[in-house]
Amino acid sequence: MRTLFLTSSGLNENTSDVFWKCINKDPSDTKVVFIPSASIRNDSAKEGIAVCVERLMNMGIPFENILIYDLSLLISAGYERTYSGYIQDIPVTLRLMSVSELNQFDVIVFSGGDAALLLGELNRTGLSDKIKQALENGLIYLGISAGSMVAAGNFSDGLGCLENPIIPHADKGISSGEVSGKEPIYLSDGQTILIKGEQKTIL
């Protein structure tokens, strides 16, 4: 059953409790794939990468359990290697991960930044299809701002986990409760959309 936490600015104290109940592991044993690809366009955005890693570590996840997976380092789907084709064991940070490799992790985390840039990289590399399969196998998704938008209805070629578009960092967020209809969801910082299977709830 797929489980996603779509947030405006990350988890807070209350939503962290829900998150850890879903992980069902001690933080020190939790393994994370962190994708910072929405935050690589400029220095101001890159600052957010350090903030995201610091927050994960403050949650009790050891740095050595966090795989930083920058999609800009991966070749495009369909590209046939030429002069590097002789390499038998390409490090995982430099190639497309398989579904089984993704499912060796507990959670995949997407930083905020440029949602269009992030989605372009997901689709260019082919990772979007791998993620969809891994989520069905139990990998938990944590999106922050742009990371939430690519999973929602903001883009026709997004991950499609939620029909509603998400508008993060809203001055006034939508009321808590079940998600209904297909209208845009305005999320204030601190709010989260929890998707468990087909159930979608605003926390």
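Under a 10 Å cutoff between Cα atoms, tell me which one of V53, V179, V92 has the largest fluctuation in the Gaussian network model of the chain.
V92
Strictly greater than 17 Å: what percent of every Cα pair in region 141-203 meets that?
29 percent
Evaluate E = 1/(1 + (r/R0)^6) for L96 and S188, where r is the Cβ-Cβ distance and R0 equals 35 Å; express this FRET efficiency to the nearest 0.05.
The computed FRET efficiency comes out at 0.50.
Which of the residue pairs K25/K172; K21/K200; K132/K196; K21/K182; K31/K196; K130/K196 have a Cα-Cα distance greater than 22 Å in the structure shown?
Distance filter (> 22 Å) returns K25/K172; K21/K182.
At 30 angstrom or more along the helix axis (alpha-carbon based) and mean Kyte-Doolittle of 1.6 or higher, what helices does the chain contain? Whole DSSP H runs only.
none
Determine the per residue accessible area of the chain with all protein chains present and a 1.4 angstrom probe, expressed in square angstrom.
Computed with neighbouring chains in place, this is 49 Å² per residue.
Please check: in the Gaussian network model of the chain (C-alpha springs, under 10 Å), which one of R124, R55, R81 has the largest mean-square fluctuation.
Ranking R124, R55, R81 by mean-square fluctuation puts R81 first.
Could you give the longest part of the chain that holds none of the chymotrypsin sites (Phe, Trp or Tyr not before Pro) found in DSSP loops with at most 11 neighbouring Cβ atoms within 10 Å?
Answer - 87-203.
Can you give the helix-only mean residue ellipticity at 222 nm for the chain, where every DSSP H stretch with n ≥ 4 adds -39500 (n - 2.57) and the sum goes over all residues, rounded to the nearest 500 deg cm²/dmol?
Taken over the chain, the calculation gives -8000 deg cm²/dmol.
Ignoring ligands, DNA and RNA, please state the percent of accessible area on the chain from carbon and sulfur, probe 1.4 Å.
Whole-percent figure for carbon plus sulfur exposure: 50.
Only Lys, Arg, Asp and Glu count, each charged at its Cβ (+1, +1, -1, -1), so figure out the dipole size of the chain about its Cα centre, rounded to 20 debye.
Charge dipole, the chain, about its Cα centre: 240 debye, nearest 20.
Expressed as cubic angstrom per residue, what is the convex hull volume of the alpha carbon set of region 107-162?
It comes to 66 Å³ per residue, whole-number rounded.
Of all DSSP beta bridges in the chain, what percent run antiparallel (nearest 5)?
Antiparallel bridges: around 40 percent, rounded to the nearest 5.
Using amide H atoms built in the peptide plane, which far-off residues or other-chain residues are under 5 Å from F34 H to H?
Under 5 Å from the amide H of F34 lie the amide H atoms of L67, I68, Y69, V109, each far enough along the sequence or on another chain.
Write down the Å³ per residue value for the convex hull defined by the alpha carbon atoms of the chain.
118 Å³
For region 146-182 and region 57-128, what is the separation of their C-alpha centers, rounded to whole Å?
For region 146-182 versus region 57-128, the Cα centre distance is 24 Å.
With a point put 7 Å past each Cα toward its Cβ, work out how far S175 is from K46 in nm, to one decimal.
4.6 nm
The values are calculated or read from the model by the stated rules, or taken from the named source; none is laboratory data. Keep in mind that what you see is a predicted model, and the values were worked out from it rather than measured. We place every Cβ from the backbone using ideal geometry, glycine too, and count neighbours over all the protein chains shown. Surface accessibility is based on the protein's heavy atoms, side chains included, excluding ligands, DNA and RNA. Shrake-Rupley method; radii C 1.70, N 1.55, O 1.52, S 1.80 Å.
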